[in-house]
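Shown next, in structure tokens, is the structure this report addresses.
The values are calculated or read from the model by the stated rules, or taken from the named source; none is laboratory data. It should be emphasised that the depicted structure is a prediction, and the values quoted were computed from it without experimental measurement. Note that we place each Cβ from the backbone using ideal geometry, even for glycine, and neighbour counts take in every protein chain shown. Remember, those area values only see protein heavy atoms, side chains included, never the ligands or the DNA or RNA. Shrake-Rupley method; radii C 1.70, N 1.55, O 1.52, S 1.80 Å.
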Amino acid sequence: MTRIDAKFAELNAAGKKAFVAYVMAGDPDYDTSLEIVKGLPDAGVDIIELGLPFTDPMADGPTIQLAGGRALDAGMTLQRTLDLATEFRKTDDTTPIVLMGYYNPIYSRGVDTFLNDAKAAGIDGLIVVDLPPEEDSELCIPAQNAGLNFIRLATPTTDNKRLPKVLQNTSGFVYYVSINGITGAAEAQATNVGPEVARIKASTDLPVIVGFGINTPEKAKGIASVADGAVVGSAIVSKIGAGETTADVLEFVKSLADGAHEA
């Protein structure tokens, strides 16, 4: 059982929905980013989604693209991202960390080396958005064999013919993308999301967590009420990009977490 599995078992036993927070590793710099990440669990975050900075993030909107640029300009690398996770694990051995990114940096490092290093750093799961199920032998299956969850994205265009393929080797949870398009492009609507979550859950026992287009506590509550939890990324990253203090960022995160937990 991974930390992700254990967290969902704990939440399920308590009758609670999950709140997942996304931040870009190294944004705006390593030290500030580490301070924010360390503060997320006390702000109510159940699972941390840690962005791996990359030059060509095709799924991300302008807010997260800029965050990746700031992190890269500040010297962030895949190794430094793993270093950040390692440092976090010195004081927190229970909060799951999902590394979200793209395949190029992992491929450049070498899959086996990366998986060994990620496991040692305390990473629990991977979201690699540019590797479709047809490429599962490339990273997904080796990751699962190494004890890491491989989390797949389903979208509004994932029809019933495609869904079984998407779910085939997915573990940890299913990440449902609530809108067509990039992060931060539109607002999620619970009335649209609810039937899609139900459709996915009819085909899997995994929790279904919804992200993209959630930017207020009310929206987090509404989406979590029709799913197993909610993910917020761009709204948090925009606060960091605006230069708000760590305390203010974490206060905003807590308001979002409280919203999701009220569902």
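Being open to solvent by 40 Å² or more (accessible area, probe 1.4 Å), part of a loop (DSSP other than H, G, I, E, B), at pLDDT below 95 and acidic (Asp, Glu) is not true of Glu138.
State all residues of region 67-93 that are surrounded by 17 or more Cβ atoms within 10 Å (Cβ to Cβ) and within 27 Å of Asp258 (Cβ to Cβ); if no residue qualifies, say none. Across region 67-93, the qualifying residues are Ala67, Leu84, Ala85, Phe88. For region 141-157, the candidate set comprises residues that are over 25 Å from Gly194 (Cα atoms) and either small (Gly, Ala, Ser) or assigned to a loop (DSSP other than H, G, I, E, B) (or both); within that set, the residue that is farthest from the chain's Cα centre (by Cα) is Ala146. Taking region 185-226 as the range and being surrounded by fewer than 17 Cβ atoms within 10 Å (Cβ to Cβ) and in contact with a strand residue (DSSP E or B) (Cβ under 6 Å, 6 or more places away or on another chain) as the test, only Lys201 passes.
Looking at Pro62, Pro41, Pro105, just one residue is closer than 19 Å to Ala120 by Cβ, open to solvent by 10 Å² or more (accessible area, probe 1.4 Å) and not polar (S, T, N, Q), and that residue is Pro105.
State the number of residues belonging to region 233-263 that are in contact (Cβ under 8 Å) with a residue 60 or more places away in the chain and either basic (Lys, Arg) or part of a loop (DSSP other than H, G, I, E, B) (or both). Residues that pass the stated criteria total 4. Taking Val20 and the conditions (1) surrounded by fewer than 16 Cβ atoms within 10 Å (Cβ to Cβ); (2) of a type outside the set (S, T, N, Q); (3) not in a helix (DSSP H, G or I), which numbered condition does it fall short on, given that it satisfies the others? Failing condition for Val20: (1).
Being assigned to a loop (DSSP other than H, G, I, E, B) and in contact with a Lys or Arg (Cβ under 8 Å, 6 or more places away or on another chain) narrows it down to one residue among Asn160, Asn180; which is it? Reasoning before the result, please.
Details: Asn180 fails: in contact with a Lys or Arg (Cβ under 8 Å, 6 or more places away or on another chain).
Among Asn160, Asn180, only Asn160 is assigned to a loop (DSSP other than H, G, I, E, B) and in contact with a Lys or Arg (Cβ under 8 Å, 6 or more places away or on another chain).
Assessment of region 49-56 against the conditions (in contact with a Gly (Cβ under 9 Å, 6 or more places away or on another chain) and at pLDDT below 95) yields at least one matching residue. Report yes if Pro156 is at pLDDT below 95 and either surrounded by fewer than 19 Cβ atoms within 10 Å (Cβ to Cβ) or over 23 Å from Ile47 (Cβ atoms) (or both), otherwise no. It is true that Pro156 is at pLDDT below 95 and either surrounded by fewer than 19 Cβ atoms within 10 Å (Cβ to Cβ) or over 23 Å from Ile47 (Cβ atoms) (or both). The single residue among Asp5, Asp56, Asp27 that is of a type outside the set (Phe, Trp, Tyr), surrounded by fewer than 20 Cβ atoms within 10 Å (Cβ to Cβ), at negative phi and part of a loop (DSSP other than H, G, I, E, B) turns out to be Asp56.
Count, please, the residues in region 148-171 that happen to be in contact with an Asp or Glu (Cβ under 7 Å, 6 or more places away or on another chain) and not polar (S, T, N, Q).
Looking only at region 148-171, we keep the residues that are in contact with an Asp or Glu (Cβ under 7 Å, 6 or more places away or on another chain), and these are 148-149, 156, 169.
Now narrow it down to the ones that are not polar (S, T, N, Q): 148, 156.
The qualifying residues number 2.
Cβ-Cβ contacts under 6 Å between residues 6 or more apart (or on different chains), taken from a first residue in region 151-171 that is touching a residue at least 24 places away in the same chain (Cβ under 8 Å) and of a type in the set (Val, Ile, Thr) to a second residue that is open to solvent by less than 40 Å² (accessible area, probe 1.4 Å) and part of a strand (DSSP E or B), are listed as Ile151/Gly125; Ile151/Ile127; Ile151/Tyr175; Thr155/Val177; Val166/Ala154.
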